[in-house]
Amino acid sequence: AEEEAATELRRLDELVAMRAASAWLGDQPTLGETVFARGRPESMGLLLGTEHAVDVIAFLWASLALFEDDTPDPDTVTRYRPSWSDLYSVTEAQDRILRILGEGGDGAELEHFLPEPPVEVEGDGTALDGALRRSSAWATTFSASLELAKQNEIAVHQEEPFAKVVLTAIGQRASP
């Protein structure tokens, strides 16, 4: 019985030692997670015996030949660039909204605050120019209404998603 007890005590001592070793290994840094291996040295600059010889005069003559060739210049195409000065500004839209709300008193839908479309002279202005001006009017009027609402000068109201946006002066209720 004493031998079995001594054997069991040795096994328990070995188990304690294995658990201690396991805990020690678990606490060690792991390669690729907490510790990273040193990278390989770069191969650049390690080639020995390579030397580039440049004949400076030949290089200059070759460069000059590139600039003196008789090939025509590349074709240049004029790109359409709209006249941005003719588009609407946010400050104009803010003034227009405040003026119309001051005159009318009651709120109105956002499209009521759009500027009048310009009268186009025959042959002056294209369909693209008209669409661009219309988009500019909508964008600046909407941006101006949001800015005025942020400054607490007007109220912007919309009953439900995709419904008409109604602008009213502060202190007035939005009319549906």
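Every number in this text was worked out from the coordinates using simple rules, so none of it is lab data. Model, not experiment: these values are computed from the prediction. Backbone-built Cβ (ideal geometry, glycine too); neighbour counts: all protein chains shown.
FRET efficiency for residue 111 and residue 81, Cβ-Cβ distance as r, R0 = 22 Å, nearest 0.05? The calculated FRET efficiency here is 0.15.
The label-point distance for residue 30 and residue 91, in a model that sets each label 7 Å from Cα toward Cβ, rounds to 6.2 nm.
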